[in-house]
1. Helix-only estimate, please: 222 nm mean residue ellipticity of the chain, summing -39500 (n - 2.57) across DSSP H runs of length 4 or more and dividing by its residues, to the nearest 500.
2. How large is the convex hull of the Cα atoms of the chain per residue, expressed in Å³ as a whole number?
3. To the nearest 20 debye, what is the magnitude of the charge dipole of the stretch 4-79 about its Cα centre, counting +1 on the Cβ of each Lys and Arg and -1 on the Cβ of each Asp and Glu?
4. So how far apart, in nm, are the two label points at Asp9 and Val84 if each is 7 Å from Cα heading toward Cβ?
5. Give me Cys31, Cys42 sorted ascending by neighbouring Cβ count inside 10 Å, so fewest comes first.
Amino acid sequence: MAEIAVEFDRSTQSIEALREAAYRIIRDASCQIEIEGDRYLCRLTPKTTQSSSSDSGESLRVHFLDLVTDENLREKIAAETNGVRDVILALAFGALAAKQEYADPA
């Protein structure tokens with residue numbers, strides 16, 4: 001099966017999401033990410049040599065796009081919940097510190 005190229009605009013797509021998607025597809029394909037001007041070019045090289053049909057290439061391409069979309073959503077949710085997460089961690093560690101001080105009066 002031939003290499004599959006997928007392009008993304010650098011102004012709208014983070015490299016981190018592409019790297020995470022590349023890692024998640026590693027069982028099925030190798031992914032090389034290159035910068036070409038204002039674009040990211042992801043070159044997917046399938047690991048199976050069973051079929052060289054365009055359907056399996058398109059299926060791999062769609063799977064990679066789905067993974068990139070998933071990673072983009074994860075980044076968005078992380079950014080939106082960052083403040084809440086920090087408060088929860090501060091409260092949790094604050095409670096642990098208070099318990100240690102109460103249990104171990106020096």
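What follows is calculated from the coordinates using simple rules that are stated; it is not laboratory data. Given the structure is predicted, the values throughout are model-derived calculations rather than measurements. Counting neighbours? That spans all protein chains shown, and the Cβs are built from the backbone with ideal geometry, glycine included.
1. Details: 2 runs with 60 residues, N = 106.
It comes out at -20500 deg cm²/dmol, rounded to the nearest 500.
2. Values: hull volume 15.8 nm³, N = 106.
Spelled out: Cα convex hull of the chain, divided by residues, is 149 Å³.
3. I would put it at about 220 debye.
4. 3.0
5. Listing Cys31, Cys42 from fewest to most nearby Cβ atoms yields Cys31, Cys42.
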